[in-house]
Amino acid sequence: MNYLAHAYLSFNHPEILVGNMISDYVKGKKKFDYPPAIQKGIILHRAIDTFTDEHPATKKAKEVFRPHYRLYSGAFVDVVYDHFLATDNREFPGSSLLNFSAQVYTMLDEYTQWFPDPFSRMFPYMKEQNWLFNYQEKWGIEKSLGGVVRRAAYLTESDTAFRLFVEHYQLLSGCYRQFWADLQPFARRQFDLLVSDQG
């Protein structure tokens, strides 16, 4: 999953949120450099990613992008899932996405000393351009798909990915709905186990 889903699945717990958001930049045992509560967010992020990769709906969604992007197809699906979450009125009715996005940035601002360098450099742009809120817009997804390419070693363009997203919009939306119905309760169980463990 991408940033919006990881933020949402932190269930308003500030330290879990931090770990969940920075996890991609914390490799292996580096997680032990962080306070225990942030470590739990990193653990939660990794559990969510494993669940996502193994879910049948994700495997189906990856096939949209795989012929052109091979191993990077999962990264594009992560971005696409955030679009469908952002536009999911069951999760974000009315103006709640805007309020949620602002709340996330405010919570993260209190923990900037724990940001790994790459996330520290990126976060001001995320906040200023309101990435979390703009995932609901197709142009926001177009920019995010471009971001995947900029971070990838072997990709040169994202125009094809955006075209595939638009062409297969309904199929991808269906994959999201099937996947999210399973992910949300899984993430909640993992969260509850982590916060109840005092170790």
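Here, each number is a calculation from the coordinates, and none is a lab measurement. Predicted model only: the values in this text are computed from it and were never measured. All Cβ positions, glycine included, derive from the backbone under ideal geometry; neighbour counts span all protein chains shown.
Quick notes on this structure:
- Packing-based ranking of 35-45, 16-26 yields 16-26, 35-45, ordered from highest to lowest mean Cβ neighbour count within 10 Å.
- Between region 90-145 and region 1-79, the Cα center-to-center distance that results, in Å: 15 Å
- The 3J(HN,Hα) values that the Karplus relation (6.51, -1.76, 1.60; θ = phi - 60°) gives for region 43-53 are, in residue order, 4, 4, 4, 5, 5, 4, 5, 5, 4, 4, 4 Hz. Gly and Pro appear as x.
- Karplus-derived 3J(HN,Hα) values for region 81-94, using 6.51 cos²θ - 1.76 cosθ + 1.60 with θ = phi - 60°, are 4, 5, 4, 6, 5, 4, 9, 7, 5, 6, 9, 10, x, x Hz; glycine and proline are entered as x.
- Highest average packing first - 78-91, 95-108, Cβ atoms within 10 Å: 78-91, 95-108
- Region 110-199: chymotrypsin sites (Phe, Trp or Tyr not before Pro) in DSSP coil with no more than 13 other Cβ atoms inside 10 Å: TYR154
- Lysine pairs in region 2-71 whose alpha-carbon atoms fall under 16 angstrom of each other, counting only those eight or more residues apart or on distinct chains, come to 4.
- At R0 = 35 Å, FRET efficiency that the Cβ-Cβ distance of ASN130 and LEU71 yields, to 0.05: 0.70
- Dipole of region 138-191, positive end: most advanced residue of LEU164, LEU183, VAL149 [Cβ charges, Cα centre]: LEU183
- Taking Cα atoms only, the orientation of helix 56-69 departs from the longest principal axis of the chain by about 60 degrees.
- The ratio of the alpha-carbon radius of gyration of region 85-191 to the globular-protein estimate 2.2 N^0.38 Å is 1.21.
- Simple rule: put +1 on each Lys or Arg Cβ and -1 on each Asp or Glu Cβ in region 3-196, find the dipole, and look at ASN130, TYR3, SER73; the Cα lying farthest toward the positive end is SER73.
- Student exercise, the chain dipole from Lys, Arg, Asp, Glu Cβ charges, in Debye to nearest 20: 420 debye
- Placing a label point 7 Å from the Cα of THR87 along the Cα-to-Cβ direction, the residues of region 100-143 whose backbone N falls under 18 Å from that point are 131-143.
- Positive end of the dipole of region 42-153 (Cβ unit charges, origin at the Cα centre): among PHE92, TRP139, TYR111, the Cα lying farthest that way belongs to TRP139.
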